[in-house]
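Student: Provided herewith is a single structure, encoded as structure tokens, for subsequent inquiry.
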Amino acid sequence: MTQISSILKQTHFSHADLVLLLKTSGEEQKQLFQFASDVKKAEVGNKVYFRGLIEYSNICAKDCFYCGVRKSNKDFHRYSLTDEEVFQAAQSAYDQGFSSMVIQSGQRNDKVFVNKIEKLIQSIKKIGDGALGLTLSCGEQSLETYKRWFDAGAHRYLLRIETSNEQLYSKIHPQNKKHNFQKRIQSLSDLKTSGYQVGTGVMIGLPFQTYEDLANDLLFFERLDIDMAGMGPYIEHKQTPLYQYKELLLPLQERFQLSLKMVALLRILMKDINIAATTAMQTIDPEGREKALMVGANVIMPNLTPLKYREEYLLYEDKPCIDEEADTCKNCLEARIHRTGSSVGYHEWGDSLHFKRKQSALD
Ligand code: SAM
């Protein structure tokens, strides 16, 4: 038996085990991927759940050093979708049987924004008499705001920690109250308190990030007992401060392989959570999302943002699908998903099994 296969048989993984697994390549990496794929089939099955993604607004009060829509980037047009555009995208998700939506947005904390999101949630919940499940990804908010949005009908929330290493976090964000690591942790805890299924994640291949950091990220997810995860490679954007460190980055293909290994390891560590195959994976490899499905992911977020806005939600360079109609994406996605041996869970919310099990243990 190889060292890798004996580690994979363990029920608990130390930090050193995870670092070793993250460094695998060739045959050993294949073994890791096969093991993760088997865990996925046994624990969550072969269904893939679609979440129709609306990139609601690129107006952002934050200035994260890696992000193309950061406040200080003045080089592009800022937008917010109209109520009608959001409603139409949600209706189209419903008509296509997606059964869940994600509203993602640049972070704003003003009253107008908080009220607007609440209204949008209420109007989406009217479609099909509450048929659409709803995930939010609108950044750090107060506990009161999280509760209001939950009461309005949202029930999942994605807030990436970006990196669980506080020192690295402070290198990739400005040093001020709006970009505080402990505040982000507090937000994740407030989301749990508010009743959401909570998802988090990290960027993989950041400048200054080490294998040890990524292993700690995995242990952080486990400690936080998350219900969902969305992780992907960091992709540089010219109009951001972090771009100056591009010489330090791993080649894109290596960042992609490392991202696949993070997905595979998270599936092995947290067997029954939902894991998204993210758009950033597809940016590096046209079949990136399918490859992520094959090593453990079970959620995909087809983009339903109206085409005219997509070029303005460029978090990083070469973001895909900015010139494809949502329907085209849906059809090609379905065919690709079938080729991975999976099927699409149309008309099913596909909530996190992990969350459901925690809930029923409380009942
Ligand atoms: N404002 C919300 C928040 O902060 O969670 C959601 C929108 S934010 C733009 C969504 C995610 O995009 C971030 O959590 C970050 O991980 C990712 N992102 C931003 N810039 C990126 C980059 N250059 N490469 C890869 N991912 C990036």
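Student: Take the residues in the stretch 128-159 that are more than 17 Å from Asn58 (Cα to Cα), open to solvent by less than 10 Å² (accessible area, probe 1.4 Å) and not in a loop (DSSP other than H, G, I, E, B), then tell me which one is nearest to the ligand (Cβ to nearest atom).
Tutor: Here the answer is Tyr157.
Student: Now a separate question. Residues that are closer than 25 Å to Glu55 by Cα and not polar (S, T, N, Q), at least 2 per element: which helices (runs of 4 or more DSSP H) completely within the stretch 245-363 meet that?
Tutor: 252-269, 279-284, 288-294, 307-310, 326-339
Student: Assuming Gln107 fulfils every condition listed in (1) open to solvent by less than 50 Å² (accessible area, probe 1.4 Å); (2) in contact with a Ser or Thr (Cβ under 9 Å, 6 or more places away or on another chain); (3) at pLDDT 95 or above; (4) not in a helix (DSSP H, G or I) apart from one, which condition is it?
Tutor: All conditions pass for Gln107, except number (2).
Student: In addition: Restricting the search to the stretch 55-104, which residues are among the charged types (D, E, K, R) and either touching a strand residue (DSSP E or B) at 6+ places or on another chain (Cβ under 8 Å) or in a helix (DSSP H, G or I) (or both)?
Tutor: Of everything in the stretch 55-104, those that are among the charged types (D, E, K, R) and either touching a strand residue (DSSP E or B) at 6+ places or on another chain (Cβ under 8 Å) or in a helix (DSSP H, G or I) (or both) turn out to be Glu55, Arg78, Asp83, Glu84, Glu85, Asp95.
Student: Continuing with the same structure: Residues to consider are Lys71, Lys40; find the one that is free of Cβ contacts under 8 Å to residues at least 24 places away in the same chain and under 22 Å from the mean Cα position of the chain (by Cα).
Tutor: Going through Lys71, Lys40 in turn, just one is free of Cβ contacts under 8 Å to residues at least 24 places away in the same chain and under 22 Å from the mean Cα position of the chain (by Cα): Lys71.
Student: Return the only residue of Leu81, Leu22 being more than 16 Å from the ligand (Cβ to nearest atom), open to solvent by less than 70 Å² (accessible area, probe 1.4 Å), modelled with pLDDT of 95 or more and not basic (Lys, Arg).
Tutor: Sole residue among the options that is more than 16 Å from the ligand (Cβ to nearest atom), open to solvent by less than 70 Å² (accessible area, probe 1.4 Å), modelled with pLDDT of 95 or more and not basic (Lys, Arg): Leu22.
Student: Got a sec? Which of Leu206, Leu218 is among the hydrophobic types (A, V, I, L, M, F, W, C), surrounded by 19 or more Cβ atoms within 10 Å (Cβ to Cβ) and outside any helix (DSSP H, G or I)?
Tutor: Checking each option against the conditions leaves just Leu206.
Student: Pull up the stretch 221-244, narrow it to residues that are surrounded by fewer than 19 Cβ atoms within 10 Å (Cβ to Cβ) and over 22 Å from Asn73 (Cα atoms), then point me to the one that is nearest to the ligand (Cβ to nearest atom).
Tutor: Among them, the one singled out is Leu224.
Student: Further question on the same structure: Of everything in the stretch 65-114, what is under 18 Å from Gln141 (Cβ atoms) and touching a helix residue (DSSP H, G or I) at 6+ places or on another chain (Cβ under 7 Å)? Give them in sequence order.
Tutor: Ile103, Val114
Student: So, in the stretch 163-187, of the ones that are within 11 Å of the ligand (Cβ to nearest atom) and free of Cβ contacts under 8 Å to residues at least 60 places away in the same chain, which residue ends up most open to solvent (accessible area, probe 1.4 Å)?
Tutor: Arg184
Student: Being open to solvent by 60 Å² or more (accessible area, probe 1.4 Å) and not β-branched (Val, Ile, Thr) is the requirement here; does Ser259 meet it?
Tutor: No: the conditions fail for Ser259.
Student: Right, another one. Could you tell me whether any residue of the stretch 113-125 is near the ligand (Cβ under 10 Å from one of its atoms) and either modelled with pLDDT of 95 or more or surrounded by 22 or more Cβ atoms within 10 Å (Cβ to Cβ) (or both)?
Tutor: No; the residues of the stretch 113-125 include none that is near the ligand (Cβ under 10 Å from one of its atoms) and either modelled with pLDDT of 95 or more or surrounded by 22 or more Cβ atoms within 10 Å (Cβ to Cβ) (or both).
Student: Go through the stretch 27-78 and report how many residues are closer than 30 Å to Ser342 by Cβ, surrounded by fewer than 21 Cβ atoms within 10 Å (Cβ to Cβ) and within 16 Å of the ligand (Cβ to nearest atom).
Tutor: Number satisfying all stated conditions: 0.
The values are calculated or read from the model by the stated rules, or taken from the named source; none is laboratory data. These numbers were taken from a predicted model, which means no experiment stands behind them. Glycine gets a Cβ as well: all are built from the backbone with ideal geometry, and neighbour counts include every protein chain shown. What goes into the accessible areas is simple: the full protein's heavy atoms, side chains included, and nothing from ligands, DNA or RNA. Shrake-Rupley method; radii C 1.70, N 1.55, O 1.52, S 1.80 Å.
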